[in-house]
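Okay, so here's the structure we're looking at.
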Amino acid sequence: MRIDVPHAWPRDEQEALALQDRLRPLADHSGPGPQSPRYVAGLDVAYGGGHGVEGDTVAAAVVVLDTATLAPVEQVTATARAGFPYIPGLFAFRELPVLIDALEKLSVTPELLLCDGQGLAHPRRFGLACHLGVLTGLPAAGVAKTPFVGGWDQDALGETRGSAVPLVDAGETVGRVLRTQTGVKPVYVSTGHGIDLDTACRHVLALAPSYRLPETTRLADRLSRDRLTSWGA
């Protein structure tokens, strides 16, 4: 697939903040998004190297699954040196260039992107999933292992699979705390672009039949780590 990035990558924090402000209105959080997608992609990155808090080597992985079988139909990777500093809230600018490189290697175009990270649940309401969705034009959502902003009613979150409560930040619902397996920690789902929260959570739950994380995230995480190791980081 071909992705035309309509902007230069920022060189510093101020340029990155300005770009997020400029692109934020382009993100569509109402969807509705794909109702029965055949192909869903998981995206993740692994960091290595000894420079900076997280390291300067970034290995990106994209795994496209067939939703009927949850089997991979295509897997691609890309590796690069991070061209942006480690700044909380701006991790997307360390990860986006190499993720775009990986996505452009795909021969199958996914109908939904699920990122290991945030979408709307971000301090400036424009996390990695939002930026990826706007750039690619594809529906995208974030599925995070930990929350970045917001809180929730922990007493209201049930222990059974499928239980969910709103993730709220500054009075705004920015995502959903979703329990994908009975008795295990929840995940944190937020919309990125071209999909509503109900639809995003339905797909995440369907892609997590046996484990806490959806298969898209599990396989992309493993592939990115393997790519980092083979690259010698």
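The values are calculated or read from the model by the stated rules, or taken from the named source; none is laboratory data. Predicted model, so just to flag it, every value in this text is computed and none were measured. Note: ideal-geometry Cβ built from the backbone for every residue, glycine included; neighbour counts use all protein chains shown. Calculation scope for accessible area: heavy atoms of the full protein, side chains included, ligands and nucleic acids excluded. Shrake-Rupley method; radii C 1.70, N 1.55, O 1.52, S 1.80 Å.
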**Asked** If you compute percent of Cα pairs over 26 Å apart for the structure shown, which of (1) 48; (2) 32; (3) 36 do you land on?
**Response** (2)
**Request:** Post the alpha-carbon centroid distance, the stretch 125-153 to the stretch 170-233, in whole angstrom.
**Result:** 10
**Message:** Could you give each residue of the stretch 11-28 its phi-based ³J(HN,Hα) in whole Hz, using Karplus coefficients 6.51, -1.76, 1.60 with θ = phi - 60°, and x for Gly or Pro?
**Reply:** 9, 8, 4, 5, 5, 5, 4, 5, 5, 4, 4, 6, 8, 3, x, 7, 6, 9
**Karplus-derived HN-Hα couplings along the stretch 114-124 (A = 6.51, B = -1.76, C = 1.60, θ = phi - 60°), whole Hz, x at Gly and Pro** = 10, 9, 7, x, 9, x, 5, 6, 9, x, 10
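Skip the ligands, DNA and RNA, and give the accessible area per residue of the chain with a 1.4 Å probe, whole Å². Walk me through the numbers on the way to the answer.
Values: 9930 Å² over 233 residues.
Counting only protein heavy atoms, the per-residue value for the chain is 43 Å².
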**Prompt:** Which one of Ala102, Thr173, Thr67 has its Cα pushed farthest toward the positive end of the charge dipole of the stretch 51-187, where Lys and Arg give +1 and Asp and Glu give -1 at the Cβ?
**Reply:** Thr173
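Given the DSSP H assignment, sum -39500 (n - 2.57) over each helix run of at least 4 residues in the chain and divide by its residue total; what's the result at 222 nm in deg cm²/dmol, nearest 500?
Details: 5 runs with 58 residues, N = 233.
Computed mean residue ellipticity for the chain: -7500 deg cm²/dmol.
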**Request:** For the chain, build the charge dipole from Cβ charges (+1 Lys, Arg; -1 Asp, Glu) around the Cα centre, then report which of Ala16, Val45, Thr160 sits farthest towards its positive end.
**Result:** Thr160
**Request:** Please list, in chain and number order, the residues 5+ apart from Gly33 or on another chain whose amide H is under 5 Å from its amide H, with Hs placed from the backbone.
**Result:** Asp196
**Prompt:** Using θ = phi - 60° and the Karplus curve 6.51 cos²θ - 1.76 cosθ + 1.60, what whole-Hz ³J(HN,Hα) does each residue of the stretch 162-170 get, with Gly and Pro shown as x?
**Reply:** x, 5, 7, 9, x, 9, 10, 10, 6
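Using +1 on the beta carbon of Lys and Arg, -1 on that of Asp and Glu, and nothing else charged, what's the dipole of the stretch 1-143 about the Cα centre, debye to 20? Before the final figure, lay out each step's value.
Details: 10 positive and 16 negative charges, 40 e Å.
So the magnitude is around 200 debye.
Run the accessible area of the stretch 144-233 with a 1.4 Å probe and give the carbon-and-sulfur part as a rounded percent. Show your work: numbers first, answer last.
Working: 2050 of 4220 Å².
For the stretch 144-233, the apolar C and S fraction of the accessible surface comes to 49 percent.
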**Request:** May I ask you to rank Ser163, Ser224 by accessible area, largest first, using a 1.4 Å probe over the protein chains only?
**Result:** Ser163, Ser224
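Kirkwood Rh, the stretch 130-180, all Cα pairs: how many Å? Don't skip to the answer; put the middle values down first.
Numbers: mean 1/r = 0.0810 Å⁻¹.
Answer for the stretch 130-180: a Kirkwood hydrodynamic radius of 12.3 Å.
For the stretch 188-233, what does the equivalent ellipsoid look like in terms of its semi-axes, each the square root of 5 times an eigenvalue of the Cα gyration tensor, given largest first in whole Å?
Values: eigenvalues 143, 36, 8 Å².
In descending order, the three semi-axes are 27, 13, 6 Å.
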**Request:** State the percentage of accessible surface on the stretch 59-127 attributable to carbon and sulfur atoms; use a 1.4 Å probe and exclude ligands, DNA and RNA.
**Result:** 52
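Any idea what diffusion coefficient the stretch 38-160 gets from Stokes-Einstein, in µm²/s, Kirkwood Rh on alpha carbon pairs, 20 °C, 1.002 mPa s? Each step should come with its number before you reach the end.
Values: Rh = 15.3 Å.
Diffusion coefficient, whole number: 140 µm²/s.
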